[in-house]
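Worksheet: one structure, shown below.
The values are calculated or read from the model by the stated rules, or taken from the named source; none is laboratory data. Source: prediction; values computed, not measured. Cβ: placed from backbone, ideal geometry, glycine included. Neighbour counts: every protein chain shown.
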Ligand code: AP5
């Protein structure tokens, strides 16, 4: 099995890789916020759910297994998730880190991820990656409304909401004009099951990050723009990095949300 390794940045670039872990229940806005943060930080947004959905389309044993597990709202086995993620992380665009949307989701995944070491063999100890885990807190009643109105582009996976973030043309993606679809696991009974699994399997991870002083708690009930601004401000102070001036943050938000 592959191990997740964030490769070294260019030899003349001493900046440590940045890893942002985005946690929260289904529909909390992980994908929405991750996509915006990726633009601001200049590191890729890796949605583990989207990666798994792309493997699920394959007509092979893995694809068949993933389709069955995901349609029912169950969690994919840890080793398979780590394998898929490791393959993605080994791509050159992850040299400076990544935004991990929806990973880790179990204590087992935390352990595998940390045991695999995020450091590249090229990195000295002083350039260990900087990690922040963001927890988007949202009530269950909000989640059901968000997921029942969610629509996804069938080609590029851009996310919309029928009421709060509709496409410019009904049923069509703003970016490529492809048809918008409903995710199979957004049916109400499946959403309730995903929520139960989140509470059982993923919530315990929060204390792990809190103990490492890496946890950022965010009220995910606010408007998208306010959440994004709050995250950017907090990340700057937690990681001691500079992210664009407020004006640039605002224009990036307008381009992405
Ligand atoms: P995944 O695709 O990651 O699903 P999820 O975690 O359930 O999260 P969602 O994608 O449903 O929601 P989100 O939080 O990204 O919200 P979004 O921004 O879209 O995983 C799917 C499946 O893959 C899992 O069930 C599992 O089977 C498998 N899997 C994935 N990772 C795994 C792992 N690590 N281990 C094992 N299995 C794994 O927003 C939702 C809606 O709300 C949108 O319509 C959006 O426009 C709207 N919205 C967003 N923010 C706001 C806001 N502030 N105000 C109003 N509306 C908003």
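The table that follows gives values for the structure above.
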{"read-out": "Residue list for the stretch 217-232, filter: surrounded by 17 or more Cβ atoms within 10 Å (Cβ to Cβ) and more than 13 Å from the ligand (Cβ to nearest atom)", "value": "232"}
{"read-out": "Looking only at the stretch 19-34, and only at residues there that are touching a helix residue (DSSP H, G or I) at 6+ places or on another chain (Cβ under 7 Å) and part of a helix (DSSP H, G or I), the one that is farthest from the ligand (Cβ to nearest atom)", "value": "33"}
{"read-out": "Single unsatisfied condition, residue 37 versus (1) within 11 Å of the ligand (Cβ to nearest atom); (2) within 25 Å of residue 144 (Cα to Cα)", "value": "(1)"}
{"read-out": "Search result, residues across the stretch 134-160 that are within 10 Å of the ligand (Cβ to nearest atom) and in contact (Cβ under 8 Å) with a residue 24 or more places away in the chain", "value": "136, 138, 142, 143, 146, 147, 148, 150, 151, 152, 157, 159"}
{"read-out": "Test: residue 135 is modelled with pLDDT of 90 or more and under 30 Å from residue 95 (Cβ atoms)", "value": "yes"}
{"read-out": "Within the stretch 168-190, considering residues that are within 11 Å of the ligand (Cβ to nearest atom) and in a loop (DSSP other than H, G, I, E, B), the one surrounded by the most Cβ atoms within 10 Å (Cβ to Cβ)", "value": "183"}
{"read-out": "Pairs with Cβ under 9 Å, 6+ apart, first in the stretch 42-62 and farther than 12 Å from residue 101 by Cβ, second near the ligand (Cβ under 8 Å from one of its atoms) and in a strand (DSSP E or B)", "value": "53/47"}
{"read-out": "Condition check for residue 48: near the ligand (Cβ under 7 Å from one of its atoms), modelled with pLDDT under 95, under 17 Å from residue 109 (Cβ atoms) and under 14 Å from the mean Cα position of the chain (by Cα)", "value": "no"}
{"read-out": "Number of the exception - residue 216 against (1) touching a residue at least 60 places away in the same chain (Cβ under 8 Å); (2) out of contact with any helix residue (DSSP H, G or I) (no Cβ under 8 Å at 6 or more places or on another chain)", "value": "(2)"}
{"read-out": "Which listed residue, of 72, 23, is surrounded by fewer than 20 Cβ atoms within 10 Å (Cβ to Cβ), in contact (Cβ under 8 Å) with a residue 60 or more places away in the chain and closer than 21 Å to residue 199 by Cβ", "value": "72"}
